[in-house]
1. For region B:186-329, which whole percent of the accessible surface, found with a 1.4 angstrom probe, sits on carbon and sulfur atoms?
2. Short version: ³J(HN,Hα) in whole Hz for each residue of region B:47-58, in order, from phi by Karplus 6.51 cos²θ - 1.76 cosθ + 1.60 (θ = phi - 60°), x for Gly and Pro, what are they?
3. Take A:R20 and A:W109, extend 7 Å from each Cα along the Cα→Cβ direction, and tell me the distance between the two endpoints in nm.
4. How many angstrom separate the Cα center of region A:89-147 from the Cα center of region B:344-361?
5. Let's see if you can work this out: charge +1 on each Lys and Arg Cβ, -1 on each Asp and Glu Cβ, no other charges. What is the dipole magnitude of region B:29-129 about its Cα centre, in debye to the nearest 20?
6. Mind grabbing the accessible area of B:D191 for me, 1.4 Å probe, Å², rounded to tens?
7. What trypsin sites (Lys or Arg not before Pro) does region A:1-81 have in DSSP loop regions with at most 14 other beta carbons within 10 Å?
8. Greater than 27 Å separation of Cα atoms is the criterion. Which listed pairs, B:K283/B:K327; B:K327/B:K358; A:K141/B:K342; B:K84/B:K348; B:K169/B:K209, meet it?
Amino acid sequence: MEILIIFFCITMLIISAVSRIEEYIKMIAIQGFILFLMSIIEFRNIDTSHFIIMVLETLGMKTIIMPMFLMYIVRKNEITRELQPYLSNFYSLFITTMIYVAGLFISFWVSGVAQDIRPLHFGLSIATILAAMFIIVNRKKVITHVLGYMIFENGIFLLSLSMAGEMPIIVDLGVMLDLFVGVFLLGIFVNAIHEKESENL
Amino acid sequence: MIAFLIIFPLAAAVILYLFKSDILNRSVTTLYSAIYLVSAVSFTIHRPSDMEPYFMVDPLNIIFILITAILYFGVSLSNITYFKDSDVPVKKQTTYYISLMLFVFSMNGFMLSQHLGLNWVFLEATTLATAYLIYFDKTDEALDAAWKYIFICTIGISFAFVGIIFISKGVGGSVEELFYSNLYLNAKSIDTFWINIGFLFIVLGFGTKMGLAPMHSWLPDAHSEAPSPMSAMLSGTLLNLAFLGILRVYKIMIAAEDMLFARNILLIMGVLSLVFSAAFILKITNYKKMLAYSSIENMGIIAIGICIGGPGVFAAFLHMIGHSLTKASFFLTAGNILHRYKTKESGKIDSLMHNDYKTGTLWLLSFVSIAALPPFPLFISEFIIIREMIGKGRIVLTVIFLLLLTIIMYGIARTIFKMLFGNRDNNPGEHFYDGFLLYLPQAMFIVLLLIMGIYIPEPVMKILNDAVSMIALK
């Protein structure tokens, strides 16, 4: 179980260091798969309908459909060049690492304050949310903002996994967040087709 | 009745989509706004109970429903002639009306819902429904504004979601536990850690939609790029809605007797909003953007009013009503000016009073109201808030508050007066439509404001006091 969250953090570190959009999308797909594994281990006692929603959400949306659609948009518009970060990869790797160190401190702290949550998941999910915010503000291109938001969303999913005990309503509501991602992607897709202005994407 | 109000706009959206007829667009939306206004007034006498427990009219949301109904009615009137001499094709107009219907649907759902999760879903729906309205003009600026709007609000709504995770962690996480009535009942048993951190995230999230600093940066662009009737709706109703969401969660904090934290958060965000609008309003050259910054300022005042407590809560509600009506009147008049001069740059406009005294008068009266001069209700609300601040010995806060308000007022007044006065004849050169519906809604709002400012009628007073008693300390 703990090995999965460590893999998750490794994907985040890779994301902060790479500069090709394809790599980004692959990492996001891997994150989706890790979340899928976590959730089937975690939510074993959940009722069938929620289980189906969750499998569709993590395996279907996060791992397959969204990344494939993203790849399609990226290839179609040939936006494979640099991600144009404001800070260089070295600094962003450093900052992301620092955010994760802070996340570990949050884990230590929260394990003393609150009972019945998984401290490691809690701290690292907060760190993921912060790291995603950093990715969003550090990149110029619109498509990277959307990728950053997808990582943000994965962080939120991880956060809800860190809460022990089943919360079906959170799972249901969490699906709504994907609606936004869908709208973003459609927005980019439609505009790119219409205006042929992939320079700013 | 509630079911009808919620379902009608959805059904109307489908019908409008199928027929794409100009006359149907206008008549259906106006008809619905009239029905909505009548039902909102009838809710004050008789509370329907057909969709309990999910949707309900209670003393707190009735006040928001009333404001939305009045504003929506006025905006519908101005919508009748909005496309009169524009060359927007009917198909695009239909999309405008459909988005408006979906917008009203999601606002209704938000105001009436009694469940934290449901509330959140409807707030998300308002973002999606209004994004197209902001992008309506299809200029590069509009695209930027719409993108910024939807992206920042999405981040905000995701924050609110994180807050909901924390709060549901505190209460156990089943669907029933997230009804506000259950949250209020169980508030004391929730761990302080979860409720504080949950409140922080939810206020950040809903505060994004309310336009509170530091998450306000989408607001000036969005409100200035949207078509003017929609700016009026966005500024006059949507911001209030997010405020309702914050109040609902604030009440959990009251029930949990955990006030200090909640008040400090609201105070910080309120004062920051004033600081940001004071910093930017002086160099704004776009008069619609200036009005948007003034919305941020007023939302800040409302947040401060709530955290001052006591009569400050009453003042916050009064301020909200006054601000909604004033800002709607302001934006609709800005629409007239834009219609006449075809520019949003305040520097290119002068002698408004000389060339178009009707628009000029409305512009001036709206300014007098937003400047919180008597006999308008914003005077009363700001006066109460300041008196309360001094009464509670918060002298530093009072000084900062007054100073920032003065700067903002100077910024607005400078732009407004430069636009109003002068003797230059500047005819736009081409014929433009000039009907009474361009002026009636604003006049209606200003009359309502004057009534509220001079003497608040007994029934309105009762509604206000009931709402205040929902928020006041027990």
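1. 65 percent
2. The phi angles translate into 8, x, 9, 7, 10, 5, x, 6, 10, 8, 9, 10 Hz.
3. Here the answer is 3.9 nm between the modelled labels.
4. Comparing the Cα centres of region A:89-147 and region B:344-361, I get a distance of 52 Å.
5. Charge dipole, region B:29-129, about its Cα centre: 220 debye, nearest 20.
6. So the heavy atoms of B:D191 present about 70 Å² to solvent.
7. Listed in order of number, the matching sites are A:R20, A:R44, A:R81.
8. A:K141/B:K342
The values are calculated or read from the model by the stated rules, or taken from the named source; none is laboratory data. Predicted model only: the values in this text are computed from it and were never measured. For neighbour counting, all protein chains shown are included, and Cβ atoms are generated from backbone atoms with ideal geometry for every residue, glycine included. Calculation scope for accessible area: heavy atoms of the full protein, side chains included, ligands and nucleic acids excluded. Shrake-Rupley method; radii C 1.70, N 1.55, O 1.52, S 1.80 Å.
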